[in-house]
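Colleague: Okay, here's the structure, questions in a sec.
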Amino acid sequence: MNQKRTYLILSILIVSLIGIFYLLFPGTSTKENTSYQGGLSEETLTRQENSLFEGGSFLDFSGHVEETASGPVAVVEEPGSKPSKTKSYLESLSPEERAKLYEQMYERFKPLTEKFPNNSLIPKKLSEEELAKKKENEDHYYRVQREILERKDVPKEEMSFYLNAKLKRSDDMLEILKYGMENYQKLVGENPKNANLEYEKLLKERLDGISKSREEVISAQKEN
């Protein structure tokens, strides 16, 4: 009984997590088929695989264009000024409310964190040092990515860092999507009424797109 309950909870969480990915980063795009350094395509370079939680993309909708999507904002009237200042949803919260919101997210996805402890896309608590290191790596990652897209000559060491990080992100995303597909198929097998053909199609397209991008990255690693 407990095992079935745990399975149901994990199924709901993984479907929720995948749904959030689709909400912020919907499907594949029709990027121009142009090759960049290492033979990488523009679609692979700009594909989103970053964490939606620890990096702030899920809660903060006003950040870097490569990492976030537009979302709810709070309008705050400042005394003595007519124009209204818009703030992101996260910025509009007090420190206490923000901390509470993060705690709720960490607790909600705790079963998945325990199942996939090394997956960087699932929310987990980090120390200040870990957060600082994560931000440093993300800044480094996007700087190299920008240089590749600008067709600058990226040194081998920098290219190696980028490709390793890109592969890790792809693997983490595939791990979540494959687990989501597995649970979806089990749910449909138990009750055909649970079938959602649109969701299934999107999931398959996402799996296919990331798998192809992953092969590009591996090929680029061999050439680097």
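Colleague: Let me confirm something: among 210, 176, which residue is under 19 Å from residue 36 (Cα atoms) and surrounded by 13 or more Cβ atoms within 10 Å (Cβ to Cβ)?
Modeller: Values: 176 fails: under 19 Å from residue 36 (Cα atoms).
On inspection, the qualifying residue turns out to be 210.
Colleague: Enumerate the pairs (first residue in the stretch 201-224 and without any contact (Cβ under 8 Å) to a residue 40 or more places away in the chain; second residue anywhere and among the polar types (S, T, N, Q) and outside any helix (DSSP H, G or I)) with beta-carbon separation below 6 Å, excluding pairs fewer than 6 apart on the same chain, so at least 6 apart or on different chains.
Modeller: Close Cβ pairs satisfying both conditions: none exist.
Colleague: Residue 170 passes all but one of (1) assigned to a helix (DSSP H, G or I); (2) on the phi > 0 side of the Ramachandran plot; which number fails?
Modeller: (2)
Colleague: If you don't mind, another one. Looking at 139, 153, which is the one that is acidic (Asp, Glu) and either touching a Pro at 6+ places or on another chain (Cβ under 9 Å) or outside any loop (DSSP other than H, G, I, E, B) (or both)?
Modeller: After ruling out the rest, the residue left standing is 139.
Colleague: Is it true that some residue in the stretch 108-119 is closer than 22 Å to residue 48 by Cβ, in contact with a helix residue (DSSP H, G or I) (Cβ under 7 Å, 6 or more places away or on another chain), at pLDDT below 90 and of a type in the set (A, V, I, L, M, F, W, C)?
Modeller: Yes, the stretch 108-119 contains a residue that is closer than 22 Å to residue 48 by Cβ, in contact with a helix residue (DSSP H, G or I) (Cβ under 7 Å, 6 or more places away or on another chain), at pLDDT below 90 and of a type in the set (A, V, I, L, M, F, W, C).
Colleague: Additional query: Scan the stretch 118-137 and give yes if some residue there is touching a Leu at 6+ places or on another chain (Cβ under 6 Å), within 30 Å of residue 201 (Cβ to Cβ) and surrounded by 19 or more Cβ atoms within 10 Å (Cβ to Cβ), otherwise no. Can you show your working first?
Modeller: Of the stretch 118-137, the ones touching a Leu at 6+ places or on another chain (Cβ under 6 Å) are 122.
Next, from what is left, pick out any that are within 30 Å of residue 201 (Cβ to Cβ): 122.
Right, trim to surrounded by 19 or more Cβ atoms within 10 Å (Cβ to Cβ) and you get 122.
Yes, there is a match, as at least one residue in the stretch 118-137 is touching a Leu at 6+ places or on another chain (Cβ under 6 Å), within 30 Å of residue 201 (Cβ to Cβ) and surrounded by 19 or more Cβ atoms within 10 Å (Cβ to Cβ).
The values are calculated or read from the model by the stated rules, or taken from the named source; none is laboratory data. All figures in this text were calculated on a predicted structure; none of them were measured in a lab. No Cβ is skipped: glycine too gets one built from the backbone with ideal geometry, and neighbour counts run over all protein chains shown.
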